Each structure stands twice: as C-alpha cells, then as structure tokens.
C-alpha cells in the first residue's frame, strides 16, 4: 500500500517537473527565482557560508560515490542496500547530464561563492542526493526493525538532501527551480527503482 502511495507521489512530482521545464524561461518563473535568491542573499554571513560550503561538499560526486561504495563493505548492507542505492544514484546522475544538455540553462547571474561549470537545470547535487537518501529511507523503513535507529536514519535522509539542495541556491550556483526540479526527479527515480527491485525480489 505504501509502495503505491509513494509511486503516486512520484507521478505527481514528474508532472511538476514537466510544468517547470515547459515554463523555465517564463517571466513568472524568473521572478520567483530572483525573489528567492534575494531573500537568501540577505541572510548571508561568514558562518553560514562556511556551513553551506561544507554541505555542498558533503553532497559532491566524490562523497556520494564513497558512500555508495561503503555499502559493499558490509555483508548485511551489501545484500539489502548496496545495489538499489547504487542503481538509484547512477540513474539519477546519468539522467541529470541528459537533462542539463537538453535544457542548457545557464547558471544564475549572481554572486557565485563557489566555481561551477556546465548547465544549471536541474541541480545535480539536489537530484543525485535526493535519489541517494530517498532510497536509503525506503530501504531503512523496510529492512530495519529498531525504531530508534530507523527514526535517526529517517531524519538524516530527510534533512540531508534538503540542506544540500538549499546550499546550492545560497552559494549562487543554482536557481530555486533548478533545485526543486532536482529534488522531484531524484525522488521519482528512487521510487521507480525501489518498486522495480521489489518486483524483481518477489518474482525470484
């Protein structure tokens, strides 16, 4: 039942992505992007900037690859987590490159606190990390029985992609709509792959 609920959410988010993509250069979307960055930029200070830099680094390609590989080091995690998590991340990363190339949206013309190249839409950090943490969240709910452990991991899985995504806006390398689309696609990718693995297991 929960699986169907998550799948329905994934479909809704996919439709949201389509709407954002269709109107990406619309004046209203541009106004929302500008307004959100203006609000964020007024809250900048050295301590917050340091935190946001660290958040972005924690969601970098290298960091996510290391985390994925770490699942293969432990027999229990290798059996239940490693393949679904790695598949989810790899799919999201590949799809992100394709979408960036298709939409070719330039980076925001604002103060960029870190250097980034390539296109902006959708946010790779938001997309890949949402795919990574959503899959861990789903697998944790399914495979871990200890309530305290489950709660701690769930909180981390919810907070981490949100903070990492927000850091990209704060640092001036993404529009808010880039990040929203990244979150939505990453979530949808994980839900679809999770359901595929569940069907594969049930058919074995």
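Listed values, structure above:
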read-out: Every residue from the range 108-140 that is touching a residue at least 60 places away in the same chain (Cβ under 8 Å) and more than 18 Å from the chain's Cα centre (by Cα); value: 108, 110, 111, 112, 113, 114
read-out: The range 119-146, residues that are at pLDDT below 90 and either out of contact with any helix residue (DSSP H, G or I) (no Cβ under 6 Å at 6 or more places or on another chain) or under 14 Å from residue 192 (Cα atoms) (or both); value: 141, 142, 145, 146
read-out: Subset of the range 52-66 (residues that are farther than 22 Å from residue 87 by Cβ and free of Cβ contacts under 8 Å to residues at least 60 places away in the same chain); value: 54, 57
read-out: Residue tally, condition assigned to a helix (DSSP H, G or I) and closer than 30 Å to residue 79 by Cα, over the range 158-204; value: 30
read-out: Within the range 1-91, helices (runs of 4 or more DSSP H) holding 1 or more residues that are surrounded by 14 or more Cβ atoms within 10 Å (Cβ to Cβ) and modelled with pLDDT of 90 or more; value: 27-41, 46-58, 61-70
read-out: Every residue from the range 115-157 that is farther than 21 Å from residue 24 by Cα and not in a helix (DSSP H, G or I); value: 115, 144, 145, 146
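The values are calculated or read from the model by the stated rules, or taken from the named source; none is laboratory data. Fair warning: this is a prediction, and the values are worked out from it, not measured in the lab. Virtual Cβ from ideal backbone geometry, glycine too; neighbours counted across all protein chains shown.
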